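Notes for the one structure printed next.
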Amino acid sequence: MDFEKMRRDKAARKGGDFLKLQVGDTVVYVCGPSRAEDDVNYLEVTVHYGVGPDEKMAICLDPSSNPIILNPVIQKFLAEKGIDVSGGCPVCNALPSMDPDTRKRCSGSDRFLFQVVPFKFRPTNSAPWTDLGGESIAPLFVGQTVWDGITDVLLEEGDICNPEGATLVKINRTGTGPRDTRYKCAADSDTIRTPLRLGKGLRRVLAAGLKEGGSADSYKLVADMMRSTAQVEELLTGIAGTSDTGSGDTAGGPPKCFGLDYCDDNECGACEYRFDCAPKCGMELHESHKAGGKAGKVSGDTDELETEMKRSKKATGPARKKA
């Protein structure tokens, strides 16, 4: 039997598990655009947090605020699943009638979806590197700070995604709590000196995973995360009705945000999966969540991750480059 082919096939079919950045240094290959018509290698997605009585997350359904939802590939995936997102965004429509605190919490915030291949990790500068395989693709859904860092490396180093001579990116995380988590990105010094030529096996994995409908198709992933207009209305009111079930939380299983964005809010505090979700996000379980209570927002919270999640859209164009 061809075990090498078996390993390649398993890697090509592996997808959907978001990369959780742990404390320390994680070195990744950042995938290039998966489609010839794409100008950049990430998708910008506007998200509403803290929606409704249970403070759920919902992707914004207003095309003027979140133009990615008009992408024909995403539209096709939504149509195949029978998800109706017409009629505008219920959250945006409700913002003017919300009290100031709720409006601030629910206002749209920017997230950026990359596809990456994890290569190695170390918890501290003095620790030895742990090999992460470098053979499977993982989605990386991040806020402004990490997006700034990765795009800075791209602008400074050029085409770091070139399979004939790639430069890896080192993402450093410090802190585990809601106040002290920080991220920094830099080009990996080893591959600056000697750019990495991707092996044939990894190239096959990238081709299979990044293609339309593949296990690492960012457009399909965004469509899978989207809720219908009716579902978002239900989130706002907290009253369940008859609607499609092709998106959002999965019946009998964890929600779509599981292992992605644990923090000290009411949504996470009320979630039955919080005990498993927090470690997967590299976070400590908030004290008020241990007994199932709901934590209020910490006054003066300066956590980078929370800041990223709550940041309002500031740019009018599809991509924002530093001057």
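The values are calculated or read from the model by the stated rules, or taken from the named source; none is laboratory data. On a predicted model such as this, the values are computed, not experimentally measured, just so you know. With ideal geometry, Cβ positions are generated from the backbone for all residues, glycine too; neighbour counts draw on all protein chains shown.
Counting only residues that are closer than 17 Å to V47 by Cα, aliphatic (A, V, I, L, M) and not in a helix (DSSP H, G or I), how many does the range 68-97 have?
Final tally of qualifying residues: 1.
Just checking, how many residues over the range 207-226 are farther than 16 Å from N71 by Cα and surrounded by 18 or more Cβ atoms within 10 Å (Cβ to Cβ)?
Applying the first criterion (farther than 16 Å from N71 by Cα) to the range 207-226 yields 207-210, 214-216.
Those still in the list that are surrounded by 18 or more Cβ atoms within 10 Å (Cβ to Cβ) too: 208-210, 214-216.
So the count comes out to 6.
Which of the residues spanning the range 147-169 are in contact with a strand residue (DSSP E or B) (Cβ under 6 Å, 6 or more places away or on another chain) and not hydrophobic (A, V, I, L, M, F, W, C)?
G149, E157, T167
Quick check on the range 186-199. Is at least one of its residues within 30 Å of P67 (Cβ to Cβ), of a type outside the set (G, A, S) and modelled with pLDDT of 95 or more?
No - not one qualifying residue is present in the range 186-199.
Starting from residues that are of a type outside the set (D, E) and surrounded by fewer than 14 Cβ atoms within 10 Å (Cβ to Cβ), keep the ones in the range 41-66 and report whichever is nearest to Y262 (Cα to Cα). Spell out how you get there, then give the answer.
Start the filter on the range 41-66 by keeping residues that are of a type outside the set (D, E), which leaves 41-43, 45-53, 56-61, 63-66.
This time we only want the ones that are surrounded by fewer than 14 Cβ atoms within 10 Å (Cβ to Cβ), so: 53, 63-64.
Working: P53: 18, P63: 27, S64: 28 Å.
Of everything passing the filter in the range 41-66, P53 is nearest to Y262 (Cα to Cα).
Go through the range 19-67 and give me each residue that's among the acidic types (D, E), under 21 Å from A138 (Cα atoms) and in a loop (DSSP other than H, G, I, E, B). Reasoning before the result, please.
Just the residues of the range 19-67 that are among the acidic types (D, E), to begin with: 25, 37-39, 44, 54-55, 62.
Narrowing the set further to residues that are under 21 Å from A138 (Cα atoms) leaves 25, 38-39, 44.
Listed by number, the residues that qualify are D38, D39.
Hey, among the residues in the range 127-161 that are polar (S, T, N, Q) and at pLDDT 95 or above, which one's farthest from the chain's Cα centre (by Cα)? Reasoning before the result, please.
Taking the range 127-161 as the starting set, the residues that turn out to be polar (S, T, N, Q) are 130, 136, 144-145, 151.
Among the residues that remain, those that are also at pLDDT 95 or above are: 130, 151.
Details: T130: 23, T151: 16 Å.
Here the residue is T130.
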